[in-house]
Amino acid sequence: MNNSILPDKPSNSNKTCVGPTSEKAGKADTCKGCPNQSACASGATKLPDPSLKKIRARFETIGHTILVLSGKGGVGKSTVACQLAFTLASQGFQVGLLDVDICGPSVPQMLGLSGQEVHQSSSGWSPVYVRDNLGVMSIGFMLPGSDDAVIWRGPRKNGLIKQFFTDVDWEKLDYLIVDTPPGTSDEHISTVQFLKDCDIDGALVVTTPQEISMADVRKEINFCKKTEIKVLGVVGNMDQLKIPFQSLLFSNGKGENITAQTMHEISEKLPDLLDAVVSANVFNGTVERGPEKMAELMEVPFIGYIPLDPNLLKACENGRPFVEEYPKSAATEPFLSIVDRLKKAVEEKTME
Amino acid sequence: ANWRFTLASQGFQVGLLDVDICGPSVPQMLGLSGQEVHQSSSGWSPVYVRDNLGVMSIGFMLPGSDDAVIWRGPRKNGLIKQFFTDVDWEKLDYLIVDTPPGTSDEHISTVQFLKDCDIDGALVVTTPQEISMADVRKEINFCKKTEIKVLGVVGNMDQLKIPFQSLLFSNGKGENITAQTMHEISEKLPDLLDAVVSANVFNGTVERGPEKMAELMEVPFIGYIPLDPNLLKACENGRPFVEEYPKSAATEPFLSIVDRLKKAVEEKTME
């Protein structure tokens with residue numbers, strides 16, 4: 001791990017601080033006059049954090065760890081993370097889902113777990129179980145009122161994320177999915193630091209076709225490269241909208257709803273139209289197949305598109321497993337194919 | 001970013017400050033990718049899109065635009081402070097501050113640094129999904145706690161509204177049969193070709209959710225913006241949406257929202 005990417009320079013350190021974990025800590029020329037100089041020189045700051053050992057022990061019983069990342073908010077990352085967890089669980093695996101989005105934890109609601117609480121036992125914090133084989137941990141469970149804003153600065157968030165990793169008793173898992181907030185910030189840095197001895201399999205990176213979100217995702221991929229996290233796959237979410245013709249609404253020039261009349265006319269003159277499936281480009285970027293081409297350019301695998309499918313969104317709103325409840329919806333096959341490719345990518349990495 | 005374009009095209013002197021340190025999309029959305037910030041004796045100069053629209057963003061200061069900005073709280077804090085102390089905006093009618101999503105360091109810092117500067121208030125953007133509304137309730141509570149007035153809530157990405165002719169048809173085998181289908185329609189039901197269709201994409205479980213939520217939280221709801229591919233295209237290309245697509249689905253709704261926002265700001269000034 002390249003430590004220069006993850007500096008822990010105290011805020012009161014000298015401008016050219018070498019970092020408390022550097023070999024020269026406390027002894028470099030630039031340390032003169034710094035209030036932390038003697039602490040650094042004593043070697044105390046270079047001791048490995050004892051929590052890392054504890055975390056490593058927890059992760060002994062966890063098979064594969066996958067981070068779900070996105071460069072930007074609103075690309076459907078939590079939707080993908082939650083439905084990935086649901087799908088793996090319905091395929092018989094033992095799955096854990098950890099939500100480290102401390103300021104916007106959407107995971108509990110997306111799994112139908114709003115209002116649940118976390119229980120403590122002698123072996124640690126227990127995840128909240130959606131099913132026997134799907135356990136979830138999120139700060140969402142620990143907030144007094146679910147509308148309370150979590151306004152914490154970096155260090156406190158850091159402390160909580162550390163506790164998630166040291167204290168949650170996942171027991172034995174085949175897969176741990178870690179849902180992160182968008183971007184590259186404290187939560188990501190902390191997660192990567194705490195799990196550095198735990199062999200993260202890699203990251204699933206979610207993007208949408210818009211150039212804006214792809215610009216952010218290139219940054220995200222660069223973050224993975226710098227922190228040596230393998231990109232298992234890029235997913236192009238919110239691709240074309242695919243819906244049954246019959247779910248369209250028609251309005252006239254005055255904005256009045258004329259759907260009923262229009263559908264009636266169609267049933268008389270062009271009945272086949274009623275069974276059609278229509279697509280519409282909503283979020284298209286300026287480049288066709290943008291996410292795929294971007295992954296190619298960044299030399300990471302592209303593992304599939306998920307069309308905009310109102311049923312997928314409905315499933316998430318209601319905390320339901322999408323693939324089980326909508327086996328023939330527009331996004332079902334694409335999603336299953338992506339889960340499949342992700343599993344293969346994880347197997348390949350294990351064999352490296 | 002399009003708010004700023006609209007206010008500028010209405011003749012106001014506008015500044016846009018992007019404090020989204022880790023995901024600065026503002027430069028690209030205004031067609032300013034690759035521009036640099038200049039320093040003068042009076043401070044940092046914003047980058048001008050037009051004479052009356054100046055922009056400041058960390059996006060201008062990153063060496064390669066794909067570099068990840070991986071900073072912890074204190075360093076971000078320092079940069080945001082510099083944005084506020086060192087940028088020379090000169091005279092402005094409106095300063096729009098774009099923030100990252102959620103309630104985090106950048107928000108806390110911004111509020112702290114500007115506490116003596118009389119922020120008029122906040123425009124809160126949400127979508128119909130229950131998930132995003134849950135987060136926005138938190139955002140509104142943050143405003144209440146920090147005594148920032150909520151000038152208005154906007155329900156973005158409402159129904160998709162597009163011309164019938166932009167639909168694509170596929171058959172049972174997934175083959176594109178749009179051309180044949182449109183031809184048949186032109187023969188048997190030609191009026192259909194001129195229709196505008198809507199589709200619910202992001203609907204939440206509650207109808208008119210954003211509006212009801214604003215009511216519940218006792219803050220003003222100032223309008224819906226339909227999902228409009230032209231709006232997205234304008235942002236992709238850094239273009240002013242209202243100027244370039246005067247008759248698109250989202251144009252009127254958007255102008256109405258800008259109008260209500262201006263009124264809300266004036267009312268606050270008179271308080």
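The values are calculated or read from the model by the stated rules, or taken from the named source; none is laboratory data. Predicted model only: the values in this text are computed from it and were never measured. Note: ideal-geometry Cβ built from the backbone for every residue, glycine included; neighbour counts use all protein chains shown. Keep in mind that these areas ignore ligands, DNA and RNA; they rest on the heavy atoms of the full protein, side chains included. Shrake-Rupley method; radii C 1.70, N 1.55, O 1.52, S 1.80 Å.
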> Which value, in nm² and rounded to one decimal, describes the direction-averaged projected area of the C-alpha convex hull of region A:233-272?
Replying inline: 4.5 nm²
> Taking the Cα-to-Cβ direction at A:Glu60 and at A:Asp340 and moving 7 Å from each Cα, how far apart do the two end points lie in nm?
Replying inline: 3.7 nm
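Can you give the average number of partner chain beta-carbon atoms within 10 Å of each beta-carbon in peptide B:189-199, as a whole number?
Neighbouring Cβ atoms belonging to other protein chains average 5 per residue here.
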>> Angle check, please: helix B:73-86 long axis (alpha carbons) against the longest principal axis of chain B (alpha carbons), in degrees 0 to 90, nearest 10.
In response: 80 degrees
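Determine by what factor the alpha-carbon radius of gyration of region A:57-112 differs from 2.2 N^0.38 Å, reporting the quotient.
Normalised Rg, Cα atoms only: 1.19.
Counting only other chains, what is the mean number of Cβ atoms within 10 angstrom of the Cβ of each residue in peptide A:312-323?
2
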> So for region A:163-217, taking the charge dipole from beta-carbon charges (+1 Lys/Arg, -1 Asp/Glu), which of A:Ala215, A:Phe164, A:Cys198 sits furthest toward the positive end?
Replying inline: A:Ala215
> Setting aside same-chain residues fewer than 8 positions from B:Lys115, which aspartates and glutamates have a Cα under 12 Å from its Cα?
Replying inline: B:Glu147
> At q = 0.16 Å⁻¹, what is the log10 ratio I(q)/I(0) for region B:174-271, with the Debye formula run over Cα points and no solvent?
Replying inline: -0.97
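Which whole number in µm²/s is D for region B:105-250 by Stokes-Einstein, with the Kirkwood Rh taken over Cα pairs at 4 °C and 1.567 mPa s?
71 µm²/s
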> For chain B, how big is Rg over Rh, using alpha carbon atoms and the Kirkwood form of Rh?
Replying inline: 1.02
> Roughly how many nanometres apart are two label points built 7 Å out from the Cα toward the Cβ at A:His264 and B:Glu184?
Replying inline: 2.3 nm
> Going 7 Å from the Cα of B:Gln10 in the Cα-to-Cβ direction, what parts of region B:225-262 have a backbone nitrogen less than 15 Å from that spot?
Replying inline: B:241-243, B:251-262
> Please identify the trypsin sites (Lys or Arg not before Pro) of region B:123-188 that satisfy two criteria: DSSP loop assignment and at most 12 other Cβ atoms within 10 Å. Which are they?
Replying inline: B:Lys173
> Between B:Lys145 and B:Glu218, what length comes free when the chain is fully extended (0.36 nm per residue of separation minus the Cα-Cα distance, one decimal in nm)?
Replying inline: 24.9 nm
>> For the interface of chains A and B, what total accessible area is buried with a 1.4 Å probe, rounded to the nearest 100 Å²?
In response: 5800 Å²
> Loop-only check: which trypsin sites (Lys or Arg not before Pro) in region A:209-264 are DSSP coil with at most 15 other Cβ within 10 angstrom?
Replying inline: A:Lys254
> Along the charge dipole of the protein assembly as shown, which of B:Ala122, B:Tyr245, A:Thr227 sits closest to the positive end, that is, farthest toward it, with unit charges on the beta carbon of Lys, Arg, Asp and Glu (+1, +1, -1, -1)?
Replying inline: A:Thr227
> Where the only charges are on Cβ atoms (+1 Lys, Arg; -1 Asp, Glu), what is the dipole of chain B about its Cα centre, to the nearest 20 debye?
Replying inline: 380 debye
> What accessible area, in Å² to the nearest ten, does a 1.4 Å probe give for B:Met213?
Replying inline: 10 Å²
>> What lysines does B:Lys263 reach when the alpha-carbon gap must be under 20 Å and sequence neighbours fewer than 8 apart in one chain are set aside?
In response: B:Lys149
> If you take the C-alpha gyration tensor of the protein assembly as shown, multiply each eigenvalue by 5 and take the square root, what semi-axes do you get, largest first, in whole Å?
Replying inline: 41, 33, 22
>> Among the listed pairs A:Lys219/B:Lys81; A:Lys162/B:Lys212; B:Lys212/B:Lys262; A:Lys162/A:Lys219; A:Lys219/B:Lys173; A:Lys314/B:Lys268, which have their C-alpha atoms separated by more than 27 angstrom in this model?
In response: A:Lys162/B:Lys212; A:Lys219/B:Lys173; A:Lys314/B:Lys268
> Which residue, B:Gly223, B:Gly43, B:Gly31, tops the fluctuation ranking in a GNM of chain B built on C-alpha contacts under 10 Å?
Replying inline: B:Gly43
> In region B:162-271, what percent of the accessible surface is made up of carbon and sulfur (1.4 Å probe, ligands and nucleic acids excluded)?
Replying inline: 51 percent
> Is the shape of region A:203-352 rounded, prolate or oblate, going by the alpha carbon gyration tensor and its root eigenvalues a ≥ b ≥ c, with a/c under 1.5 for rounded and a/b larger than b/c for prolate?
Replying inline: prolate
> In region B:92-187, which GluC sites (Glu not before Pro) are in a loop and have at most 12 other Cβ atoms within 10 Å, using DSSP for the loop call?
Replying inline: B:Glu147, B:Glu175
> Amide H to amide H under 5 Å from A:Ala25: which residues, 5+ apart in sequence or cross-chain, H placed 1.01 Å off N in plane?
Replying inline: none
> Excluding ligands, DNA and RNA, what is the solvent-accessible area per residue of the protein assembly as shown at a probe of 1.4 Å, expressed in Å²?
Replying inline: 45 Å²
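Arrange the residues B:Val201, B:Val49 by how much accessible surface each exposes, largest first, with a 1.4 angstrom probe.
So the residues, ranked largest to smallest area, are B:Val49, B:Val201.
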>> How big is the dipole moment of the protein assembly as shown about its Cα centre under a simple scheme where the beta carbon of each Lys and Arg is +1, that of each Asp and Glu is -1, and everything else is neutral? Debye, nearest 20, please.
In response: 1780 debye
> Which of the listed residues, A:Ser247, B:Ala8, A:Ser138, is farthest toward the dipole's positive end in the protein assembly as shown, when Lys, Arg count +1 and Asp, Glu count -1 at the beta-carbon?
Replying inline: A:Ser138
>> Over 15 Å apart: what share of the alpha carbon pairs of region A:168-259 falls there, rounded to a whole percent?
In response: 71 percent
> B:Lys247: which lysines have alpha carbons under 21 Å from its alpha carbon, excluding same-chain residues fewer than 8 sequence positions away?
Replying inline: A:Lys254, B:Lys161, B:Lys233
